[in-house]
Every structure is written in C-alpha cells, then in structure tokens.
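Heads up, the thing below is written out as structure tokens.
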Amino acid sequence: MSNLKDFFGKKVKVINLGIPSFADDLKRQNVEVIHTDWRPPAGGNKKIQALLDKVENWQNKVKAAKGAK
Amino acid sequence: MVVSHLVKKQTYFDSVTLMLIGSQVKKLDGIENAVVGMCTDYNIDSLKRLDMYQPDFDSLTPNDLIIAIKGSDEKTAKAAIAEVETRLTSKKKTSESAQLVPTNQEAAAKQLTDANMVLISVPGEYAAREARLALNAGRHAMLFSDNVSIEEELELKTLGVEKGLLVMGPDCGTAIINGVPLAFSNAVRAGNIGLVAASGTGLQEVTSTIHRLGCGITQAIGVGGRDLSEKIGGKMTIMATKALIEDPETKVIVLVSKPPAESVLTKLMSEIKNANKPVVIYFIGADPKVIEAQGFTAARNLEDAAVQACKLSTGKSYVPEFSDTKIDEMAQKVKMTTGNVRGLYSGGTLCDEAQRLLQGSLTEIYSNTPVKGCKTMSDVYKSEGNCIIDLGDDVFTRGKAHPMIDPDNRAQRIVQEISDKSVNMILFDVVLGYGSHPDMAGEMVEAINKGRKASGNKPVMAACICGTQDDMQGYSNQIAKLEEAGIMVFPTNVAMVKFAQKCLERK
C-alpha cells in the first residue's frame with residue numbers, strides 16, 4: 001500500500017474520460033492531460049461487457065500469479 | 001408541428017456537449033423541441049414522453065446518436081438538424097488534435113504512461129468500471145459522474161484505501177490536487193490550508209474565500225456527498241484527513257460536510273484527535289458545541305470556515321469581506337415592499353445554507369431540497385410563497401446540463417419569478433471557475449432585463465459571486481455586469497443572505 005501523503009507535491013497527469021471541456025481547462029493550465037474519445041465499452045452491450053470484464057479479471061489474476069512466482 | 005430526425009450510427013458524444021447543443025437549437029425560431037442525445041434508455045423515454053419517438057430508433061444502441069427536432073414545418077426542422085450537425089462537426093474538430101485520440105482508458109494510458117489521475121464524467125452506469133480500472137492500474141480517480149450505486153462506491157473506496165489512492169466521488173464536482181483544479185474548481189493560490197469536503201460548491205465557496213482573503217491552499221479534496229454516511233463510513237474523509245495531518249506543507253485542516261452518521265463521527269473524531277495542527281470543522285447544520293467539545297474549531301457557515309482557517313494559518317486577524325455595517329448600508333438603499341423571497345441557486349450547498357440562515361427571518365420556506373424546518377414544494381416548477389430552489393438538483397438536470405454550465409433553465413425561471421407580482425426579492429448565485437459558463441453574470445442580466453421588460457415588475461435582485469480574481473471569467477468584470485443592471489452583489493452567500501435578512505427586517 002502506498003501512502004496518499006507521498007502523492008502530495010507530485011505532478012498531476014490526467015486521463016480525461018467524458019466531458020471534453022474538463023481536458024481543455026487542464027490544457028490551458030499546461031497540465032499534462034489526455035482526452036479520450038470515450039464510448040460505452042462493447043458497443044454498449046452490457047452482457048458482452050460483463051463477459052469481457054470477467055476475461056480481463058482472469059487475465060490479471062494469471063499475470064499476478066506468474067509475477068508472484 | 002412535424003418531427004424530423006437523423007440517426008448517426010456509431011457516433012458518440014458526451015451528454016453535456018449534446019445537451020448544450022440541444023438547448024441552443026431549441027431557441028431557434030419555429031422549433032418547439034429538440035432532443036440531441038445518445039440512444040440511452042433515458043433519452044428513449046424522453047422521446048416517447050415528448051411524442052417524438054420514431055420506429056427507426058428501435059434497433060439502436062447507446063453508441064448511436066439521435067437528433068430529433070419538433071418544428072413548425074419540415075423545412076424548419078430539417079434546417080435545425082443541419083445546424084446540430086454543423087455544431088457537432090465543429091466540436092469534433094476542436095477536441096481532436098493531430099495525435100490519434102484514444103477511445104478508452106487503457107489506450108490513453110499507453111499515450112500518457114505515467115498518468116496518475118483519471119477524471120471520470122461518463123454516464124453513471126459505466127463510471128464504476130472506469131474507476132476500478134484506474135485504481136487497479138495505480139491511478140487516483142475523481143468521479144464527477146453520479147448515478148453510481150452506494151455498493152459500488154463502498155467497493156471502490158475500500159480498494160482505494162487498500163492502495164492509498166484517492167476515490168473522489170461519485171458526484172464529486174470539485175477538487176484541487178497538487179495545485180491542479182479538476183472539474184468545477186476555482187483558480188486558488190497555493191498556501192498552507194488543506195481541505196476535505198463532501199460538498200462541491202461548499203468547497204468552491206470556502207477555497208475562493210480563502211483566496212480572496214489573501215491566503216492559499218495545499219489540497220482541496222472532494223469526497224462525494226455520501227462519504228460520511230453509515231455505509232461508506234467516511235473512508236475517504238479519514239484517509240485524506242490523515243494524509244493532510246502528515247503533510248508538512250499543510251498547517252491548518254478544514255473539513256466541510258453535512259453532519260456525519262453518529263458512528264462515523266465518533267470514528268472520525270478519534271482518528272483526528274491527535275492531529276498536531278488546527279482543524280476547522282463545518283458540519284452543515286450541526287451543533288458547533290459537539291465539535292468544540294472535542295477541541296476543534298467549529299465554523300458557523302462556509303464564509304466563517306474560510307475566515308477561521310485564514311486566522312489559524314497566519315496567526316493574523318481576518319474578518320469577512322463585507323462587514324455587517326456595510327451590508328446594513330446596502331440594505332438601507334433598497335426599497336422593500338411586502339412580498340415573497342425567491343432563491344434560484346445553481347450550488348446545492350449554497351441553497352442549503354440560505355434556507356438555514358433565512359429560517360429566522362421568514363415564517364415559511366419551501367424548497368425542492370428542504371433542510372430541517374423548511375417545507376417541500378408541491379410543484380418544483382411553480383413557486384408559491386417563499387422558495388429557495390436548488391436548480392442543480394436531479395429533478396432539473398435530467399436531460400439538461402447543470403445550471404453552472406447551461407444557464408437556460410435558470411434564465412427561464414428568473415423571467416418566470418420576476419413576472420410573479422407576489423415576489424419582492426430574488427437571490428441567486430454566480431459560480432465562476434473552471435468548468436463553469438464563460439459569462440454567467442451576462443446571461444443572468446439578460447434574463448433579468450427580459451423579465452423586467454415583459455412584466456414591468458422590479459423586485460430587489462441580489463447575487464453572490466463564488467470565485468476568485470484569477471478565474472477565467474473575470475471576477476471584477478462579472479461584478480460590474482451585475483451592478484450595472486442594478487443588482488446588489490456580494491462576495492459570499494452568507495453576506496447576500498444577511499443582506500436579505502436586513503431588508504426583511506425593514507419590511
């Protein structure tokens with residue numbers, strides 16, 4: 001576990017998902033930001049999205065287990 | 001009236017952009033209604049309710065864009081559709097740079113590999129998933145999105161605490177982290193006051209006042225309105241406050257929230273009781289004695305929280321920007337008649353604060369978000385008696401952008417309230433800063449002049465400006481616009497409400 005205190009004072013670098021003007025405001029202040037042309041995952045099909053999330057979770061667990069060895 | 005429509009498959013825009021365009025197109029001559037939105041369940045319901053649904057919409061997905069216009073004739077409606085398309089094209093052009101724009105968080109992280117914060121304002125049903133992805137990748141998350149379940153909030157905040165990562169929100173509108181204002185925040189100078197707040201406009205009001213008083217902040221951490229509930233247990237408030245206690249740059253801590261659940265209050269107090277620095281607490285509407293008994297400084301309102309924090313951070317004396325004498329003098333200048341008071345707020349916490357303060361001066365107050373002692377409006381769209389209304393509440397923002405972004409709803413409501421002969425005073429807020437409308441004062445003045453001209457009525461108008469001299473809208477310029485239109489202008493909500501109280505005493 002990291003400590004939130006250690007994050008204080010660090011440069012904030014932002015991924016913006018959603019309202020584009022939030023990214024524009026950050027750019028104007030020279031904050032490093034990347035705006036995404038976000039759209040609902042799996043074409044908005046929630047069943048497919050849930051399945052993809054399951055696969056991804058499983059992949060992450062496999063990766064973590066391999067890393068632990 | 002005819003309904004014309006256009007479907008653009010696999011074309012996604014965020015809801016705020018679409019709602020603003022819809023709102024602008026609705027103002028065109030001959031247009032009765034405009035729905036510009038993604039094919040979500042809510043938009044489909046709206047189209048059916050407005051009798052604008054078309055069979056073409058049956059097979060669409062949330063990634064498909066619908067433009068539906070109800071106009072006086074087909075030519076007018078089609079011209080409005082063309083106008084929507086033009087505005088959408090210009091939005092796409094301005095938001096796209098030469099670099100390939102990623103379409104999801106993972107792709108974005110490949111371009112900004114050391115990103116450490118994810119600002120999430122996607123529809124609520126997808127927001128928790130994005131926050132989970134952020135936390136698992138070691139990034140802090142700010143959830144501007146609402147409509148995230150409390151169960152999901154608990155899961156995310158448990159994960160955040162485990163990883164030492166911020167989960168600000170859901171429904172968190174304001175944060176300033178390491179000097180970077182996120183979403184709806186003001187340009188506030190750096191200093192030594194650290195804040196944690198479960199209220200967006202509350203945080204904006206306190207940080208802006210701290211700036212105008214000449215002091216500054218280390219962090220302004222938003223936690224979302226439910227953080228101090230029994231279920232969430234103050235997870236983020238406690239983690240953020242403990243971090244500020246350990247932070248050598250922070251000399252004073254300010255906590256702002258609705259009163260916490262009792263068990264959470266006990267836990268919070270025991271966690272911060274050994275803080276080696278002053279803590280100013282404003283639990284809105286709570287008994288200050290409970291706070292003082294624990295050895296902390298209790299603030300009486302948002303303005304007082306800023307004043308107390310500045311005093312403690314410098315050891316110097318600070319007073320509110322407008323003294324009681326000045327407010328009294330301003331009240332003496334206006335001509336009061338018998339009638340009702342109406343408050344038209346874009347900031348929820350400012351609306352709550354006005355209701356609490358005005359209860360001593362008005363016998364009955366109605367609101368769409370009543371605090372203890374106030375009554376619920378029977379029809380939120382039609383005021384009766386004294387009404388203090390939060391126009392940023394969900395009931396007014398379904399399918400419509402927040403009134404800090406889109407002034408349209410509030411402008412219409414101002415015209416409506418001015419035309420009501422029973423009204424003798426109207427109070428409203430103008431919230432400046434990042435995320436907010438570029439000229440809210442100008443928009444309000446236009447609506448006020450329209451209302452005055454149409455009805456011949458001239459109720460007393462008072463506004464408070466939440467912002468700093470460094471905000472992009474131009475603080476002095478916004479004040480000047482309001483004052484030129486004969487509106488009494490105050491630096492804080494508390495000062496404006498005190499003015500209203502003085503006027504009511506003279507009635």
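The values are calculated or read from the model by the stated rules, or taken from the named source; none is laboratory data. Keep in mind it's a predicted model, so treat the numbers as computed, not measured. Neighbour counts are summed over all protein chains in view; Cβ atoms, including those assigned to glycine, are modelled from backbone coordinates with ideal geometry. Heavy atoms of the whole protein, side chains included, go into the accessibility calculation; ligands, DNA and RNA do not. Shrake-Rupley method; radii C 1.70, N 1.55, O 1.52, S 1.80 Å.
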- request: Answer yes or no as to whether residue B:201 is in a strand (DSSP E or B), touching a strand residue (DSSP E or B) at 6+ places or on another chain (Cβ under 9 Å) and of a type in the set (Ser, Thr, Tyr).
  value: no
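So is residue B:397 of a type outside the set (D, E, K, R) and open to solvent by less than 10 Å² (accessible area, probe 1.4 Å) or not? Show your work before the answer.
Numbers: of a type outside the set (D, E, K, R): yes; open to solvent by less than 10 Å² (accessible area, probe 1.4 Å): no.
When the stated conditions are applied, residue B:397 does not pass them.
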message: Tell me whether segment B:66-87 contains one or more residues that are buried (at least 19 other Cβ atoms within 10 Å of the Cβ) and touching a Cys at 6+ places or on another chain (Cβ under 9 Å).
response: yes
- request: Starting from segment B:55-68, take each residue that is at pLDDT below 95 and list its partners that are among the β-branched types (Val, Ile, Thr) and assigned to a loop (DSSP other than H, G, I, E, B), counting only C-beta distances under 9 angstrom and pairs at least six apart or across chains.
  value: B:62/B:40; B:63/B:11; B:64/B:11; B:65/B:11
task: Say whether the condition of being open to solvent by 10 Å² or more (accessible area, probe 1.4 Å) and under 28 Å from residue B:340 (Cα atoms) is met by at least one residue in segment B:460-471.
output: yes
message: Within segment B:220-246, take every residue that is open to solvent by 10 Å² or more (accessible area, probe 1.4 Å) and of a type in the set (D, E, K, R) and give me the one that is farthest from residue B:313 (Cα to Cα).
response: B:231
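Condition test on residue B:389, is it outside any loop (DSSP other than H, G, I, E, B), open to solvent by less than 10 Å² (accessible area, probe 1.4 Å), of a type outside the set (S, T, N, Q) and within 20 Å of residue B:501 (Cβ to Cβ)? Write out each step before concluding.
Values: outside any loop (DSSP other than H, G, I, E, B): yes; open to solvent by less than 10 Å² (accessible area, probe 1.4 Å): yes; of a type outside the set (S, T, N, Q): yes; within 20 Å of residue B:501 (Cβ to Cβ): yes.
When the stated conditions are applied, residue B:389 passes them.
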- line: Those residues of segment B:1-56 that are within 14 Å of another protein chain (Cβ to nearest Cβ), open to solvent by less than 70 Å² (accessible area, probe 1.4 Å) and not hydrophobic (A, V, I, L, M, F, W, C) come to a total of 9
task: Any chance you could count how many residues in segment B:346-375 are in a loop (DSSP other than H, G, I, E, B) and acidic (Asp, Glu)?
output: 1
message: Filter segment B:152-209 down to the residues that are open to solvent by 10 Å² or more (accessible area, probe 1.4 Å), small (Gly, Ala, Ser) and within 13 Å of chain A (Cβ to nearest Cβ) and list them by number.
response: B:173, B:179, B:187, B:190
task: Residue by residue through segment B:288-304, note down the ones that are open to solvent by less than 60 Å² (accessible area, probe 1.4 Å) and assigned to a loop (DSSP other than H, G, I, E, B).
output: B:296, B:299, B:301
- prompt: Any residue at all in segment B:4-13 that is in a helix (DSSP H, G or I) and not aromatic (Phe, Trp, Tyr)?
  reply: no
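So how many residues does segment B:405-435 have that are touching a strand residue (DSSP E or B) at 6+ places or on another chain (Cβ under 9 Å), part of a loop (DSSP other than H, G, I, E, B) and open to solvent by 10 Å² or more (accessible area, probe 1.4 Å)?
Initially, segment B:405-435 is screened for residues touching a strand residue (DSSP E or B) at 6+ places or on another chain (Cβ under 9 Å), giving B:410, B:413-414, B:417-418, B:420, B:422-435.
Remaining after also requiring part of a loop (DSSP other than H, G, I, E, B): B:420, B:422, B:432-435.
Applying the additional criterion that residues be open to solvent by 10 Å² or more (accessible area, probe 1.4 Å) yields B:420, B:422, B:434-435.
Residues that pass the stated criteria total 4.
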- line: Of the residues in segment B:99-131, those that are more than 9 Å from chain A (Cβ to nearest Cβ) and crowded, with 18+ Cβ neighbours inside 10 Å come to B:128, B:131
task: Of all residues in segment B:206-255, count the ones that are at negative phi, outside any helix (DSSP H, G or I) and in contact (Cβ under 8 Å) with a residue 40 or more places away in the chain.
output: 23
- request: Run down B:307, B:341, B:280 and say which single residue is part of a helix (DSSP H, G or I) and in contact (Cβ under 8 Å) with a residue 24 or more places away in the chain.
  value: B:307
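Give the residues of segment B:266-287 that are surrounded by fewer than 19 Cβ atoms within 10 Å (Cβ to Cβ) and either more than 25 Å from the chain's Cα centre (by Cα) or modelled with pLDDT of 90 or more (or both), sorted by residue number.
Quick first cut of segment B:266-287, residues surrounded by fewer than 19 Cβ atoms within 10 Å (Cβ to Cβ) only: B:266-267, B:269-271, B:273-278, B:285-287.
Answer for segment B:266-287, where residues must be surrounded by fewer than 19 Cβ atoms within 10 Å (Cβ to Cβ) and either more than 25 Å from the chain's Cα centre (by Cα) or modelled with pLDDT of 90 or more (or both): B:266, B:267, B:269, B:270, B:271, B:273, B:274, B:275, B:276, B:277, B:278, B:287.
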- prompt: Out of (1) at pLDDT 90 or above; (2) touching an Asp or Glu at 6+ places or on another chain (Cβ under 6 Å), what's the single condition that is false for residue B:23?
  reply: (1)
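A quick yes/no check of all residues on (1) under 29 Å from residue B:250 (Cβ atoms); (2) crowded, with 20+ Cβ neighbours inside 10 Å; (3) facing another protein chain (nearest Cβ under 7 Å); (4) modelled with pLDDT of 95 or more:
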residue: A:10; (1), (2), (3), (4): yes, no, yes, yes
residue: A:14; (1), (2), (3), (4): yes, yes, yes, yes
residue: A:17; (1), (2), (3), (4): no, yes, yes, yes
residue: A:24; (1), (2), (3), (4): no, no, no, no
residue: A:32; (1), (2), (3), (4): yes, no, yes, yes
residue: A:37; (1), (2), (3), (4): no, no, yes, no
residue: A:42; (1), (2), (3), (4): no, no, no, no
residue: A:46; (1), (2), (3), (4): no, no, no, no
residue: A:49; (1), (2), (3), (4): no, no, no, no
- prompt: Looking at B:482, B:504, which is the one that is in a helix (DSSP H, G or I), at pLDDT below 95 and in contact with a strand residue (DSSP E or B) (Cβ under 8 Å, 6 or more places away or on another chain)?
  reply: B:504
query: When you look at residue B:259, is it open to solvent by 10 Å² or more (accessible area, probe 1.4 Å), away from every other protein chain (no Cβ under 14 Å) and not aromatic (Phe, Trp, Tyr), yes or no?
result: yes
